[in-house]
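Trainee: For reference, the structure I am asking about is given below.
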Amino acid sequence: MNKRGLSPVVATVLIIMITVVAATMIAVFLIPFINDRLGEGKGCFEVLGDISFHGTEYGCYSGTQGEVTGFSVSVNSDKVQGFTLLAVKGGASDRYKIVDGVSSPDLKMLGDGLFGGEEIYPLEFPGEGGIRTYVYNGAVDSFEIYPILKDGEQCEQSGQFEPNLCPRNDIVDCLVNGVC
């Protein structure tokens, strides 16, 4: 009956060494991975709340006359170069990218004339501290806004706007005809 085993001291040292090696290997792979993932969202986190819908009298829909919808956007950061607009209506949505110089037959700046004409006007993005009012050709249930950073990164939704019926005829004329 001559049995030999590990002494408790040696066993304890081996368990500690295995734990340290495992922790080191996890740290070598996991920490850089987490830092990379955190860095991806940092830009969007910095502009959180810096682009939003702004309440103006033109944030409404026209009703019966040429069905258009107005909305205003304010920007409070120089790190944002544009935004993606989602026009949600009846369970579907249309997506528009709005940056300086882009044009769309369904969007115009407030005061740029009628929809359906030969000329399609370029859109302007508001600079830092600015507000721009746009007109959408049609009725919507809501608009959603997603900031685009200067490096091209698309951020998560920054705001939502549900327009109401325009309260006055002069506002409707401005939205529909571009005569403000």
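The values are calculated or read from the model by the stated rules, or taken from the named source; none is laboratory data. These numbers come from a predicted model, not from an experiment. When we count neighbours, we look across all protein chains shown, and the Cβ atoms used for this are built from the backbone with ideal geometry, even at glycine.
Trainee: If you check ASP112 against the conditions, is it modelled with pLDDT under 90 and within 17 Å of TYR58 (Cα to Cα)?
Mentor: In short, yes.
Trainee: Another question, if that's okay. Could you pull out every one of the strands (runs of 3 or more DSSP E) wholly within the range 6-107 that has 2 or more residues that are within 23 Å of PRO122 (Cα to Cα) and either aromatic (Phe, Trp, Tyr) or modelled with pLDDT of 90 or more (or both)?
Mentor: In the range 6-107, 69-75, 80-89, 92-99 are the strands (runs of 3 or more DSSP E) which contain 2 or more residues that are within 23 Å of PRO122 (Cα to Cα) and either aromatic (Phe, Trp, Tyr) or modelled with pLDDT of 90 or more (or both).
Trainee: Please enumerate the residues belonging to the range 137-180 that are of a type in the set (Lys, Arg) and either more than 30 Å from ASP78 (Cβ to Cβ) or not assigned by TED's automatic domain parsing to the domain that holds TYR121 (or both).
Mentor: ARG168
Trainee: Would you pick out the residues in the range 128-169 that are surrounded by 11 or more Cβ atoms within 10 Å (Cβ to Cβ) and among the charged types (D, E, K, R)?
Mentor: Passing the criteria: GLU128, ARG132, ASP141, GLU144, LYS150, GLU153, GLU162.
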